[in-house]
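S.K.: Got a structure for you, questions after.
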Amino acid sequence: MSIGSVLESGIVLSLARLRMFVLDLLWKSLYLISVFILVFAGAAYFLNELGSFHWQGPELTTSNPILLGMVAAELWKQLSGEVAWIGIGTILAAMGLCIFYEAIFRGGLRQFWVYAGSRIVSFVVIASAAIFLSALVLRDRSVEVQSLSAAIFIGVWFIVNAGETLVRRQALDLMATELRTVSGVMGILLGLHLLLTIATAAIVWFGITVMEHAVSASQVFGVVLLMVVAFVFAAAVHSYLLVVRYSAIDIMRNNVVEV
C-alpha cells in the first residue's frame, strides 16, 4: 500500500469514527477541569499556610524595600519546603490523571493497561531525553549544540509516538512488513501535530506578550479569548489527527492480516 492511499483510507475511516473523536475531546476537557481543581486546591492550601505566618519585627511599609526583602526571605525559608511539595504533588497528580483519563477513554477497560503502560513509558523516555538535552544545552549554549539537541529531541519524540501508536493498535508487525509506509504516514501526521503545537505555543507566547503591555481590559479580554479559541481549535485538530493516525494503522494492520 502506498502512503497516499493509506492516508486517504485513514481519513475516510476517521469520518465514521465520530465516537472516538468525541471521547477524545471529552477526556481532555475533564482533564483540564481536574487540573484546574488541583491548582486551585494547591493555591488555597498555600494561602492558608501563608495566613499563619506572623512577622515579628518593624512595621512593614512599601517604602522600605530592604525590610520587604527580609520578609520575603523569611517567608521562603519557612514555606519553601511546602511550596516544593505542593508543586511536586500537583505535577504528579496531573500526570496520573492524564494517564488514567487517556487510558480509560481511549483504551477502555479491556486495553486500559496497554494504554496506561505505553503512556508511562512515553513520559519516562521523553522526560529523560528532555532532562539530558537541557543539561547539555546549559553546559554549552552554542547554536550548534542547541540545534542538535532540538533535532535529537524531535527524533526521540517521533520514535516514541510512532512506537506507542503501533503498540496500542497491536500492529508492531507492520515494522517488518510496511516500514516505509508506516514511517511516511507517521511522519506526515506527527509532523502536522508538531506544527500545530508550535503554532499554538506561538499564539500563547504572543498573547502573554500583549497582555504584559495591555492598556485596557478590552485588550486583555481579546487576547485571552484568542488564546482560548486557539487552544480549543488545537485540541480538536489534535484529536482528529489521532483518529486518522489510528485509522490508518488499523487499515494497514487489517491488510496484513488478510494477506
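Each value in this text was obtained by applying a stated rule to the coordinates, not by laboratory testing. All of these numbers come straight from a predicted model, not from anything done at the bench. For neighbour counting, all protein chains shown are included, and Cβ atoms are generated from backbone atoms with ideal geometry for every residue, glycine included.
S.K.: Is there any pair with a first residue in the range 150-175 that is closer than 21 Å to ILE198 by Cα and a second that is surrounded by 17 or more Cβ atoms within 10 Å (Cβ to Cβ) and of a type in the set (Val, Ile, Thr) whose Cβ atoms are under 8 Å apart and which are 6 or more apart or on different chains, and what are they?
M.R.: ALA162/VAL182
A quick yes/no check of all residues on (1) touching a Leu at 6+ places or on another chain (Cβ under 9 Å); (2) outside any helix (DSSP H, G or I); (3) among the charged types (D, E, K, R):
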residue	(1), (2), (3)
SER147	no, no, no
ARG180	no, no, yes
LEU196	yes, no, no
VAL215	no, yes, no
GLY222	no, no, no
SER247	yes, no, no
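S.K.: Could you give every pair whose Cβ atoms fall below 6 Å, whose first residue belongs to the range 196-213 and is in contact (Cβ under 8 Å) with a residue 24 or more places away in the chain, and whose second residue is surrounded by 11 or more Cβ atoms within 10 Å (Cβ to Cβ) and not acidic (Asp, Glu), counting only separations of at least 6 or pairs across chains?
M.R.: Matching pairs, first to second residue: LEU196/ALA234; LEU196/VAL237; THR200/ALA230; THR200/ALA234; ILE203/ALA230; VAL204/MET227.
S.K.: Further question on the same structure: Just to be sure, is ALA248 surrounded by 18 or more Cβ atoms within 10 Å (Cβ to Cβ) and over 20 Å from PHE123 (Cα atoms)?
M.R.: Judged against the criteria, ALA248 is a match.
S.K.: Can you name the residue in the range 176-190 that is over 12 Å from ILE249 (Cα atoms) and not hydrophobic (A, V, I, L, M, F, W, C) and, of all such residues, is surrounded by the fewest Cβ atoms within 10 Å (Cβ to Cβ)?
M.R.: Among those that are over 12 Å from ILE249 (Cα atoms) and not hydrophobic (A, V, I, L, M, F, W, C), it is ARG180.
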